[in-house]
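Trainee: Attaching a single structure in structure tokens format; questions to follow.
Just so it is clear, none of the values below were taken in a lab; they were calculated from the coordinates. Small disclaimer: the values here were computed from a predicted structure and weren't measured. Virtual Cβ from ideal backbone geometry, glycine too; neighbours counted across all protein chains shown.
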Amino acid sequence: MTKGKRLQILLLVVALTLFASSVTVSAEKIVLRVAHAWESTFVDVQKEFDKKFMEKYPHIEIRLENFAWENILEKLQTQAAAGTLPDVFYVHCSWAQQFIRQGMLMPLNSYIEATPDFNMDDMFPVGLTPYWSNGTIYALPYDAGPMALYYNKDMFDEAGLPYPTDDWVLDDLLDNAKKLTKDLNGDGRVDQWGISGTLTHETINAPVLAGFGAQLVNDDETECLVTTPEAIEAFKWWIALDTEHKVAPSPAQVTAIVEPFTFGRVGMTFGGSWMMERWLRFGTFDADVAHVPAGPAGRYTTVAGSGYGIAATTKNAEAAWLYLSEYLSEEGVKFMWGRTGRGSPSRLSAWPDFIKAWEGKNVRVFEEMLGYGLFQRPISPAAPQVSTIVNREIELMQLGRKSVEEGLQQIKQEVDAVLAEYNR
């Protein structure tokens, strides 16, 4: 009998035990601690799901633990060191490989194989990328968020410009950015720009580099590739938005304004699906989203996301998987993220409900972008250091203190050293 078959039988026994009429109400409950990082307005949705789960499985009690986003990583690492991790907990894509290396997450392959109704084919493959290691999957995504082109419809209307279309290329982006860049008060200084947010750690892989046929690092994450001719061409094009065309605010102006797009100072920006609430629902102007423009090598965007895993130290592995498999099932994702329009659902089947929740907005592009999205790299624990290096050198290039070639050579030298350290 295979391991997967044995586990399938074990899970069936657990389920039968939970539901059997011979089990009395006084039986001892299995208590599962589940940790989240929800904003306060979404906690009620979580409680509603947990209530339904406990009604279905009356011998499992869910104890919800919710932490602020800025605190949960430190909290989880402290709990891991103390051996007190929750049974099920939130895993941001950028933390996954670190958690795997630290032994915090339980492998899920055998549980997935033993649960035929848990339809992995319904999950976007790109959303699963950061949770794999050497053929083993350690967490599962609830969302997979692509970077899109957000635009200020009011600003386009005032300028008499048509909105971005699905077939935009980089020349269209530049042409419209020039037309939106203006000196509004006639003092000789630009105070409205066409675009911002083009060169960040979230956009470097795509559309910046991939659109020109280049990569930040190779697929094995052993070498930085920013000094290839394609990468140099890509950076020159994007840096020129600041240094030559002057259609984007300078780093100092971005710092002074804080969020140029949020405050209506730029017409377009790149942002992830997680920015929809702020910019599409609660913004002070009418905004929408479009596909990222295609570069010479094609149309690409970066995808990030979040998921959940089971603690390697849990004493209730079968019950924890029962919860996770219901939570991230087709119905679970529809309930939590499809109908509420929150995030960017990891399951294809949740998208009709999600699009309906955002009626009047062009959010279908997020689903379509998952078809050509690339996961943000590196996905290893080297990512924060790499981002720091890249962001520093980009600012120096934008300010004209370094040429593109000089900046990229410095990035390669430092990133290669960081990757070598993590691959020892």
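Trainee: Mean residue ellipticity at 222 nm from the helices of the chain, using -39,500 (n - 2.57) per DSSP H segment of n ≥ 4 over the full residue count, to the nearest 500 deg cm²/dmol?
Mentor: The helix-only estimate for the chain comes to -11500 deg cm²/dmol at 222 nm.
Trainee: Mind computing the radius of gyration and Dmax over the alpha-carbon atoms of segment 49-205? Å is fine for both.
Mentor: Taking only Cα atoms of segment 49-205, I get Rg and Dmax of 23.2, 71 Å.
Trainee: Another question about this same structure. Assuming R0 = 22 Å, can you tell me the calculated FRET efficiency for the pair HIS245 and SER403, based on Cβ-Cβ distance, to the nearest 0.05?
Mentor: The calculated FRET efficiency here is 0.80.
Trainee: Label GLU48 and THR136 with points 7 Å out from Cα along Cα→Cβ: what is the distance between them in nm?
Mentor: Each label point is offset 7 Å from its Cα along the Cβ direction, giving 3.8 nm.
Trainee: Report, in degrees rounded to the nearest 10, the 0 to 90 angle that the Cα long axis of helix 69-82 makes with the longest principal axis of the chain.
Mentor: 40 degrees
Trainee: Further question on the same structure: Can you run phi through the Karplus equation (6.51, -1.76, 1.60; θ = phi - 60°) for segment 347-355 and list ³J(HN,Hα) in whole Hz, with x for Gly and Pro?
Mentor: Karplus values, whole Hz, x for Gly and Pro: 10, 4, 5, 8, 5, x, 5, 5, 4.
Trainee: Additional query: Quick one: length gained pulling THR388 to ARG101 fully straight, 0.36 nm per residue minus the C-alpha distance? Before the final figure, lay out the partial values.
Mentor: Values: separation 287, 0.36 × 287 = 103.32 nm, distance 2.16 nm.
Residue separation times 0.36 nm, minus the Cα-Cα distance, leaves 101.2 nm.
Trainee: Please express the shape of segment 156-285 as an equivalent ellipsoid: the semi-axes are the square roots of 5 times the eigenvalues of the C-alpha gyration tensor, given largest first in whole angstrom.
Mentor: 27, 17, 15
Trainee: Compute the orientation-averaged projected area for segment 92-156 from the convex hull of its Cα atoms and round it to one decimal in nm². Don't jump to the answer; show the numbers that get you there.
Mentor: Numbers: hull surface 25.5 nm².
Mean orientational projected area (segment 92-156, Cα hull): 6.4 nm².
Trainee: Normalised by the number of residues in segment 345-424, what is the relative contact order in percent for Cα pairs under 8 Å and 6+ residues apart?
Mentor: It rounds to 23 percent for segment 345-424.
Trainee: Related question: From a point 7 Å beyond the Cα of ASP121 in the direction of its Cβ, which residues of segment 363-393 have a backbone N at a distance under 19 Å?
Mentor: 371
Trainee: Using Cα positions and a limit of under 19 Å, work out the lysines in reach of LYS236, with same-chain residues fewer than 8 apart set aside.
Mentor: LYS178, LYS246, LYS402, LYS412
Trainee: Report the relative contact order of segment 201-341, percent, no decimals, based on alpha-carbon pairs under 8 angstrom and at least 6 residues apart.
Mentor: 27 percent
Trainee: Report, ordered by chain and residue number, the lysines lying within cross-link reach of LYS51, taken as a straight Cα distance under 29 Å and ignoring same-chain residues fewer than 8 apart.
Mentor: By straight Cα distance, LYS51 reaches LYS29, LYS75, LYS315, LYS334, LYS356.
Trainee: If you don't mind, there's one more thing I want to ask. On a 0 to 90 degree scale, rounded to 10, what angle separates helix 317-327 from the longest Cα axis of the chain?
Mentor: 50 degrees
Trainee: Using bins 5 angstrom wide from zero, how does P(r) for segment 220-298 break down, in % of all Cα pairs?
Mentor: It works out to 3, 11, 17, 19, 18, 16, 10, 5, 1, in whole percents.
Trainee: Counting residues in segment 56-105 as N, plug N into 2.2 N^0.38 Å and put the Cα Rg over that result.
Mentor: 1.27
Trainee: Oh, and also: With a bin width of 20 angstrom, please list the P(r) values of the chain as percents of all Cα-Cα pairs, from the 0 bin to the one holding the largest distance.
Mentor: Result returned by the calculation: 24, 53, 21, 2, 0.
Trainee: A further question follows. Separation between the GLU113 and GLU368 pseudo-spin-labels, each 7 Å from Cα along Cα→Cβ, expressed in nm?
Mentor: Going from the GLU113 label point to the GLU368 one covers 3.9 nm.
Trainee: Okay, next question. Work through the residues other than ILE72 whose Cβ is under 15 Å from its Cβ and net out their charges, Lys, Arg +1 and Asp, Glu -1.
Mentor: Residues near ILE72 contribute -2 overall.
Trainee: I've got another one for you. Can you give me the Rg/Rh ratio for segment 354-424, using Cα atoms for both radii and the Kirkwood formula for Rh?
Mentor: Rg/Rh: 1.20.
Trainee: Pop the C-beta distance of SER349 and ALA81 into the FRET formula with R0 = 41 Å and round what comes out to the nearest 0.05.
Mentor: Computed FRET efficiency for SER349 and ALA81 comes out at 0.60.
Trainee: Another one. Alpha carbons only, please: Rg and Dmax for segment 275-382, in angstrom.
Mentor: Cα only, segment 275-382: 16.7, 53 Å (Rg, Dmax).
Trainee: Using only Cα atoms, tell me the angle between helix 3-19 and the longest principal axis of the chain; keep it within 0 to 90° and round to the nearest 10.
Mentor: Between helix and principal axis, roughly 70 degrees.
Trainee: Same structure, new question: Bins of 5 Å, beginning at zero and ending with the bin holding the largest distance: percent of Cα pairs per bin for segment 176-230, please.
Mentor: Taking all Cα pairs of segment 176-230, the binned fractions are 4, 17, 16, 16, 11, 10, 10, 8, 5, 2, 0 percent.
Trainee: Tell me the relative contact order for the chain as a rounded percent, counting alpha carbon contacts under 8 Å between residues six or more apart.
Mentor: Answer for the chain is 23 percent.
Trainee: Please give, to one decimal in nm, the separation of the simple spin-label points placed at ASP191 and LYS153, each 7 Å out from Cα toward the Cβ.
Mentor: My value for the distance between the label points is 2.7 nm.
Trainee: Multiply the residue gap between ASP183 and LYS56 by 0.36 nm, knock off their C-alpha separation, and tell me the result in nm, one decimal place.
Mentor: Separation in residues times 0.36 nm, less the Cα-Cα distance, equals 39.6 nm.
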